[in-house]
Amino acid sequence: MRLEPVTEDNYRAVIALEVHEEQRGFVATNLKSIADAWVYRPKMQPLAMYSGDELVGFTLLYRDQPHDLHIVRFMIDRRAQGRGLGRKGLAAIADVARGEGRTQLSLSLVPGNAVAHGLYAAFGFKETGEVDEGEIVMRHDLTPARHHSPQG
């Protein structure tokens with residue numbers, strides 16, 4: 001999975017990406033996300049997600065805390081869902097965060113979005129118990145796991 005900036009060359013295709021009808025209440029449109037990124041620049045970064053040469057998704061990242069990379073939006077196009085690309089997209093975002101020296105990813109999701117919750121939990125996100133504007137906050141620790149030796 002490759003993350004690329006949203007540019008004048010791909011923004012129309014990014015705007016045309018969409019989730020399934022039953023998922024529409026769970027994620028803002030990519031058009032709104034691109035507008036949000038413009039308003040909150042340079043802290044917000046809209047990125048197109050590619051599998052090979054195929055545009056398959058979109059994410060909006062927010063850099064406000066030095067240790068945390070916040071995933072404001074994350075979506076896989078309805079035509080590309082079910083191919084393991086959500087997990088690959090999250091892994092690509094985690095690689096970006098690690099490359100910037102960050103130690104955690106954070107996001108929030110609408111209660112009832114079971115598919116997204118399952119994806120995030122399987123990737124290693126844990127609920128924090130916090131609620132932000134009605135959404136469930138989840139975090140993923142990017143630091144290497146510390147294994148305790150039996151002698152330890």
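A short reminder: the numbers here are calculations on the coordinates, not readings from a lab. Only a predicted model underlies this, so the values are computations on that prediction, with no experimental measurement involved. Don't worry about glycine lacking a Cβ; one is built from the backbone with ideal geometry, like all the others, and counts go over all protein chains shown.
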Self-check item: Mean shadow area of region 1-68 over all directions, Cα convex hull, nm²
Solution: 5.3
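Per residue and in Å³, how big is the convex hull formed by the alpha-carbon atoms of region 60-152?
Details: hull volume 12.6 nm³, N = 93.
Taking only Cα atoms, region 60-152 has a hull volume of 135 Å³ per residue.
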Self-check item: Solution diffusion estimate, µm²/s, Stokes-Einstein, region 39-87, Kirkwood Rh from C-alpha pairs, 25 °C, viscosity 0.890 mPa s
Solution: 207
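Using only helices, what value at 222 nm comes out for the chain when you add -39,500 (n - 2.57) per DSSP H run of length 4 or more and divide by the total residues, to the nearest 500 deg cm²/dmol? Could you put the intermediate results ahead of the total?
Numbers: 4 runs with 41 residues, N = 152.
When only DSSP H runs of four or more count, the value is -8000 deg cm²/dmol.
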Quiz item: Which lysines have a Cα lying under 22 Å from the Cα of Lys88, excluding residues fewer than 8 positions away in the same chain?
Solution: Lys126
Exercise. Run down the aspartates and glutamates and flag those whose C-alpha is under 20 Å from the C-alpha of Lys32, throwing out any fewer than 8 positions away in its chain.
Key: Glu4, Glu8, Asp9, Glu18, Glu21, Glu22, Asp64, Asp77, Asp132, Glu133, Glu135
Quiz item: Ordered by residue, what ³J(HN,Hα) values in Hz, to whole numbers, does region 112-129 give under the Karplus form 6.51 cos²θ - 1.76 cosθ + 1.60, where θ = phi - 60° and Gly and Pro are x?
Solution: x, 7, 5, 5, 5, 4, x, 4, 5, 5, 5, 7, x, 6, 10, 5, 8, x
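Please give the FRET efficiency for Val131 paired with Trp38, using the beta carbon to beta carbon distance and R0 = 35 Å, rounded to the nearest 0.05. Spell out each step's value before the answer.
Details: r = 28 Å, r/R0 = 0.79.
Rounded to the nearest 0.05, the efficiency is 0.80.
Computed FRET efficiency, Cβ-Cβ of Glu54 and Glu100, R0 41 Å: what is it to the nearest 0.05? List each step's numbers first, then the result.
Values: r = 26 Å, r/R0 = 0.64.
Once rounded, the FRET efficiency stands at 0.95.
To the nearest 0.05, how large is the calculated FRET efficiency for Arg79 and Val110 if R₀ is 25 Å and r is the Cβ-Cβ distance?
Working: r = 22 Å, r/R0 = 0.89.
After rounding, the FRET efficiency stands at 0.65.
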Practice problem: Starting from the Kirkwood radius over alpha-carbon pairs of region 86-138, derive D by Stokes-Einstein at 25 °C in a medium of 0.890 mPa s and give it in µm² s⁻¹. | Solution: 210
